[in-house]
Amino acid sequence: MRTEQQNAPDSPDVPDPSGTAAEQRGARRAVTVFPVLVLLAGAVGLLAPGTFKGGGEAVPYLLGIVMFCMGVTMTPQDFKGVAKRPWAVGLGLVAHYVFMPGLGWLIAHALDLSPQLAAGVILVGCAPSGTASNVVTYLARGDVALSVSVATVSTVLAPLVTPPLTLLLAGEYLPVDAGSMVTDILKTVLLPVFAGLLVRLLAGRLVTRALPVLPWLSALTIAVIVAVVVAGSAEAIKSAAAMVMLAVVLHNGLGLALGYGAGRVARLGEPASRAMAFEVGMQNSGLAASLATAHFSPLAALPAAVFSVWHNVSGALAAAWLSRRNR
């Protein structure tokens, strides 16, 4: 996982599609263990919410750790890939920031969600690409280079795109302070990412030794974020869990389908279409949870916590199916 982020908990060392059996086993282990870890964290938050009392204030700092890990795993090559394929990357960005926010708004209306949950679902849709998308693309035998490029640029653009989209679509449900949200994204996403990239450039050899540890550090951090978010709305989960799960499954599933369809309609080819599916359908739910907790409420962060688990499960299953189709 460039991790959630690569980017991860939501893959630092994404192997080349022609990688060794050991690399393939490592990637599969990452996308298998991560959802289980997050699910366990959610269970702990639900059963022992008092353990994480007051933990909401730490969520932005925890997300900063995850994004720093993402930055450390990035290289200048990730940015060069954008210049080589501007059309495909641009299409991925437009599809991501049009389909997922739009789907979030439509699903919130169709299911008649409460204002807090509706704002949370929409915020998930307005977040940048999520975190294990690159590894899942690799497992699906998709275009990993395109996946990395779209994920990187969508993250860099998040401060400019996520707040106004959230204001536009979620403003009818809850007050949205877009200016404050921009500041938060800069502090918890962009700054840590570029700090990590700088560390990679200045201490490359040291970072290379640490790369195997970074996905697990990110995964553990995301798990703590999920536990804190779930604990903050433990009482409301019992009555809202089924509706939130339905919203998340629809949001993620339709995003995967529309992303894949956009690639096919644009005639990008099968590998690139698979990359598009995961870059559109998988969100940086860690960021969405952090923003929801800071700007709305713990209940509004619940869709992001559930999405964090589900999109990794669905992504891994979809990747296994697509990979089998290749054979």
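Out of all the residues in region 198-208, is one or more surrounded by fewer than 16 Cβ atoms within 10 Å (Cβ to Cβ) and outside any helix (DSSP H, G or I)? Yes: one or more hits.
The requirement of being aliphatic (A, V, I, L, M), assigned to a helix (DSSP H, G or I) and over 18 Å from residue 124 (Cα atoms) is not satisfied by residue 257.
Taking the condition among the aliphatic types (A, V, I, L, M), open to solvent by 10 Å² or more (accessible area, probe 1.4 Å), at pLDDT below 80 and closer than 29 Å to residue 241 by Cα, does residue 33 pass?
Details: among the aliphatic types (A, V, I, L, M): yes; open to solvent by 10 Å² or more (accessible area, probe 1.4 Å): yes; at pLDDT below 80: yes; closer than 29 Å to residue 241 by Cα: yes.
So residue 33 fits the description; yes.
So, residue 117, is that one farther than 19 Å from residue 306 by Cα and assigned to a helix (DSSP H, G or I) or not? Against the criterion (farther than 19 Å from residue 306 by Cα and assigned to a helix (DSSP H, G or I)), residue 117 does not qualify. Do we have residue 257 as open to solvent by less than 30 Å² (accessible area, probe 1.4 Å) and either among the hydrophobic types (A, V, I, L, M, F, W, C) or in contact with an Asp or Glu (Cβ under 8 Å, 6 or more places away or on another chain) (or both) here? So residue 257 fails the test.
All conditions but one from (1) surrounded by fewer than 21 Cβ atoms within 10 Å (Cβ to Cβ); (2) under 24 Å from residue 271 (Cα atoms) apply to residue 136; the one that does not is (1). Checked against (1) open to solvent by less than 50 Å² (accessible area, probe 1.4 Å); (2) within 28 Å of residue 262 (Cα to Cα); (3) at pLDDT below 90; (4) over 18 Å from the mean Cα position of the chain (by Cα), residue 141 passes all but condition (1).
Number of residues in region 72-112 that are modelled with pLDDT of 90 or more and among the β-branched types (Val, Ile, Thr): the value is 4. Consider residue 258 carefully, then state whether it is in contact with a Phe, Trp or Tyr (Cβ under 9 Å, 6 or more places away or on another chain), at pLDDT 95 or above and not small (Gly, Ala, Ser). Considered against the rule, which asks whether it is in contact with a Phe, Trp or Tyr (Cβ under 9 Å, 6 or more places away or on another chain), at pLDDT 95 or above and not small (Gly, Ala, Ser), residue 258 comes out as yes. Within region 227-249, can one find any residue that is more than 25 Å from residue 74 (Cα to Cα), at pLDDT 95 or above and in contact with a His (Cβ under 6 Å, 6 or more places away or on another chain)? Taking every residue of region 227-249 in turn, none turns out to be more than 25 Å from residue 74 (Cα to Cα), at pLDDT 95 or above and in contact with a His (Cβ under 6 Å, 6 or more places away or on another chain).
Which count do you get for residues in region 90-114 that are in a loop (DSSP other than H, G, I, E, B) and on the phi < 0 side of the Ramachandran plot? So that I can check it myself, show each step before the final result.
Taking region 90-114 as the starting set, the residues that turn out to be in a loop (DSSP other than H, G, I, E, B) are 111-114.
Those still in the list that are on the phi < 0 side of the Ramachandran plot too: 111, 113-114.
Residues that pass the stated criteria total 3.
Being of a type outside the set (Ser, Thr, Tyr), surrounded by fewer than 24 Cβ atoms within 10 Å (Cβ to Cβ) and within 25 Å of residue 297 (Cβ to Cβ) is a description that does not apply to residue 128.
Name the one entry in 276, 243 that is over 20 Å from the mean Cα position of the chain (by Cα) and part of a helix (DSSP H, G or I). Testing whether each residue is over 20 Å from the mean Cα position of the chain (by Cα) and part of a helix (DSSP H, G or I) leaves just 243. Out of the residues in region 148-196 that are in a helix (DSSP H, G or I), open to solvent by 20 Å² or more (accessible area, probe 1.4 Å) and touching a His at 6+ places or on another chain (Cβ under 8 Å), state the one that is nearest to residue 61 (Cα to Cα). Taking the candidates together, the pick is 184.
The set of residues from region 279-297 being farther than 23 Å from residue 253 by Cβ, outside any helix (DSSP H, G or I) and open to solvent by less than 10 Å² (accessible area, probe 1.4 Å) is empty.
Taking region 50-89 as the range and being part of a helix (DSSP H, G or I), over 20 Å from residue 287 (Cα atoms) and either in contact with a His (Cβ under 7 Å, 6 or more places away or on another chain) or open to solvent by 30 Å² or more (accessible area, probe 1.4 Å) (or both) as the test, the residues that pass are 50, 51, 76, 77, 79, 80, 82, 83, 84, 86, 87.
Being open to solvent by less than 40 Å² (accessible area, probe 1.4 Å), assigned to a helix (DSSP H, G or I) and over 23 Å from residue 95 (Cα atoms) narrows it down to one of 224, 228, 248, so name that one. Before the answer, list the steps.
Values: 224 fails: open to solvent by less than 40 Å² (accessible area, probe 1.4 Å); 248 fails: over 23 Å from residue 95 (Cα atoms).
Just a single option satisfies the conditions, and that option is 228.
Output the residues belonging to region 298-312 that are outside any helix (DSSP H, G or I), more than 15 Å from residue 224 (Cβ to Cβ) and open to solvent by less than 20 Å² (accessible area, probe 1.4 Å). Matches in region 298-312: 300 only.
The values are calculated or read from the model by the stated rules, or taken from the named source; none is laboratory data. Keep in mind that what you see is a predicted model, and the values were worked out from it rather than measured. Ideal geometry is used to build each Cβ from the backbone, glycine not excepted, and the neighbour counts take in all protein chains shown. Areas reflect the complete protein model, heavy atoms only, side chains present, ligands, DNA and RNA absent. Shrake-Rupley method; radii C 1.70, N 1.55, O 1.52, S 1.80 Å.
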